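Engineer: So that we are looking at the same thing, I have put the structure below in structure tokens.
The values are calculated or read from the model by the stated rules, or taken from the named source; none is laboratory data. The structure presented is a predicted model; accordingly, all values stated were derived computationally and were not measured. Cβ placement follows ideal geometry from the backbone for every residue including glycine, while neighbour counts extend to all protein chains displayed. Quick note on the areas: whole protein, heavy atoms, side chains included, nothing else; ligands and nucleic acids left out. Shrake-Rupley method; radii C 1.70, N 1.55, O 1.52, S 1.80 Å.
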Amino acid sequence: MKKKLVILFLLVFILGGCTLSFGSSKKPNAGVFKSFDKGGDWQMMRSLVLPGGRGDIVTVNVLELKFDPQDNNAIYMISEENGLFYTYDGGENWVQPSQINSGRVNDLAVDPNDKCTIYIGFSNRVLKSTDCNRSWQEIYIDTRPQSITAVAVDSDNSSFVYFGNAAGEIIKSVNGGASWSTIKRFGGAVSKIVADPKRGGVFYAATAKNGYYKTTDGGASWVSLEEGLKKFSGYNEFYDLIINTDNTDNLWLVCRYGILKSLDGGASWEALNLITPPLSTRVLAFAVSPVNPQELYYATQSTFYKSTNGGGDWVTKRLPTAAAAGYLLVDPINPSIIYLGARVIQTR
């Protein structure tokens with residue numbers, strides 16, 4: 001009788017087809033969740049399109065989500081160990097480039113003037129696609145074991161491409177990656193480069209050891225933002241830097257202290273009044289509504305926070321998964337839509 005049951009089960013499995021998942025289904029659900037009501041309810045966006053069928057992304061650890069600047073339904077997801085994913089239908093279906101289906105992608109930038117041109121930092125290389133992820137070419141490789149940690153493209157002239165590395169250097173191309181030159185050495189790993197989406201030549205750089213910098217001339221000169229941050233303990237432990245796409249003088253720095261806000265392009269800073277005291281909570285994800293900067297969202301290992309009055313008070317809710325928050329993204333066209341990237345944080 002037992003043998004008949006086993007055979008019947010195998011026949012159902014084979015005839016019904018199978019799907020591919022990354023990792024074990026016993027892990028908490030990571031991947032991507034989507035809310036249509038500003039975080040009230042969430043749906044898991046799990047479908048992965050494969051050459052021979054369907055799979056899912058339920059155990060993919062999300063490091064970052066980025067919109068295509070020209071299409072709010074096109075989203076890129078970079079992962080901790082499973083490479084790159086993208087969707088062109090608002091997360092309903094995800095696809096992987098065949099060349100980048102494993103390993104850690106450190107950063108990604110989409111050409112603001114050509115949606116089919118994408119750059120990624122991948123190990124010690126910069127890769128470029130000019131055909132909407134169909135193929136990728138290596139346009140830079142560092143012979144030193146230095147990871148490419150940050151990538152950015154100028155909003156005015158997209159031939160100007162920048163990347164930062166673990167050696168603390170910012171390297172620039174003026175011809176879309178055909179050739180490169182080092183324009184700055186900070187002495188500490190470059191954690192992130194943020195391009196002003198409305199003003200060409202304006203960039204912010206966050207470093208691992210030497211603070212935060214701003215350039216308004218395409219990297220020819222850099223100004224330290226240190227002075228306005230010194231009063232906040234733990235400001236140098238960088239988590240994220242967000243620029244407001246509506247008013248680009250508005251910046252938010254997520255750091256060990258908490259969440260800091262600047263209204264003057266980084267010259268001065270003030271702390272958001274979080275429910276938890278400074279230095280007590282690790283903020284894992286933060287986002288601002290691109291339509292209304294009074295609408296703020298952040299998430300920790302277990303909780304989602306929402307404010308509609310610029311951080312004056314907060315509504316809290318459990319995350320829709322037992323995994324931790326990895327990234328938050330608000331739709332620039334319909335700000336009621338929020339994406340949550342989740343990840344399982346390994347404990348030792």
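Engineer: Against the definition (under 18 Å from A178 (Cα atoms), of a type outside the set (F, W, Y) and under 15 Å from the mean Cα position of the chain (by Cα)), how does V110 come out, yes or no?
Structural biologist: Here the answer is yes, as V110 does meet what is asked.
Engineer: Over 21 Å from S159 (Cα atoms) and either open to solvent by less than 20 Å² (accessible area, probe 1.4 Å) or under 23 Å from the mean Cα position of the chain (by Cα) (or both): is that true of V190 in this structure?
Structural biologist: It is true that V190 is over 21 Å from S159 (Cα atoms) and either open to solvent by less than 20 Å² (accessible area, probe 1.4 Å) or under 23 Å from the mean Cα position of the chain (by Cα) (or both).
Engineer: When S280 is evaluated against the numbered criteria (1) among the small types (G, A, S); (2) within 21 Å of the chain's Cα centre (by Cα); (3) open to solvent by 10 Å² or more (accessible area, probe 1.4 Å), which criterion, by number, is the only one it fails?
Structural biologist: Single failed check for S280: (2).
Engineer: To continue, here is another question. For segment 59-69, which positions are in a loop (DSSP other than H, G, I, E, B) and more than 24 Å from S155 (Cα to Cα)?
Structural biologist: Answer for segment 59-69, where residues must be in a loop (DSSP other than H, G, I, E, B) and more than 24 Å from S155 (Cα to Cα): T59, V60, N61.
Engineer: Related question: Filter segment 308-325 for residues that are part of a strand (DSSP E or B) and hydrophobic (A, V, I, L, M, F, W, C); which is farthest from the chain's Cα centre (by Cα)?
Structural biologist: Taking the candidates together, the pick is V315.
Engineer: Something else now. Quick test of your reading of the structure: T308 fulfils all but one of (1) within 28 Å of P197 (Cα to Cα); (2) of a type outside the set (F, W, Y); (3) out of contact with any Asp or Glu (no Cβ under 8 Å at 6 or more places or on another chain); (4) open to solvent by 40 Å² or more (accessible area, probe 1.4 Å). Name the failing condition by number.
Structural biologist: (3)
Engineer: All but one of (1) in contact (Cβ under 8 Å) with a residue 60 or more places away in the chain; (2) out of contact with any Gly (no Cβ under 9 Å at 6 or more places or on another chain); (3) closer than 22 Å to R46 by Cβ hold for P332; state the number of the condition that does not hold.
Structural biologist: (3)
Engineer: Starting from segment 297-317, take each residue that is on the phi < 0 side of the Ramachandran plot and list its partners that are loosely packed, with under 15 Cβ neighbours inside 10 Å, counting only C-beta distances under 6 angstrom and pairs at least six apart or across chains.
Structural biologist: T303/T316; F304/K317; Y305/T316; K306/V315; N309/Q294; W314/I275
Engineer: Taking segment 70-82 as the search range and keeping residues that are closer than 20 Å to A285 by Cα and assigned to a loop (DSSP other than H, G, I, E, B), which one is least open to solvent (accessible area, probe 1.4 Å)?
Structural biologist: Among residues in segment 70-82 that are closer than 20 Å to A285 by Cα and assigned to a loop (DSSP other than H, G, I, E, B), the one least open to solvent (accessible area, probe 1.4 Å) is E80.
Engineer: Would you mind finding the one in A342, A324 that is at pLDDT 95 or above, farther than 20 Å from I75 by Cα and surrounded by 18 or more Cβ atoms within 10 Å (Cβ to Cβ)?
Structural biologist: On inspection, the qualifying residue turns out to be A324.
Engineer: Being in contact (Cβ under 8 Å) with a residue 60 or more places away in the chain and in contact with a strand residue (DSSP E or B) (Cβ under 7 Å, 6 or more places away or on another chain) is the requirement here; does G258 meet it?
Structural biologist: Spelling it out, it is not the case that G258 is in contact (Cβ under 8 Å) with a residue 60 or more places away in the chain and in contact with a strand residue (DSSP E or B) (Cβ under 7 Å, 6 or more places away or on another chain).
Engineer: If you don't mind, there's one more thing I want to ask. Looking at segment 268-277, which of its residues are touching a residue at least 12 places away in the same chain (Cβ under 8 Å) and open to solvent by 70 Å² or more (accessible area, probe 1.4 Å)?
Structural biologist: N273, I275
Engineer: If you don't mind, another one. Considering Y298, Y239, Y305, which residue is in a strand (DSSP E or B) and under 22 Å from N72 (Cα atoms)?
Structural biologist: Within the list Y298, Y239, Y305, the selection yields Y298.
Engineer: Take S221 and decide whether it is of a type outside the set (D, E, K, R) and not in a strand (DSSP E or B).
Structural biologist: Yes; evaluated as a whole, the condition is true for this residue.
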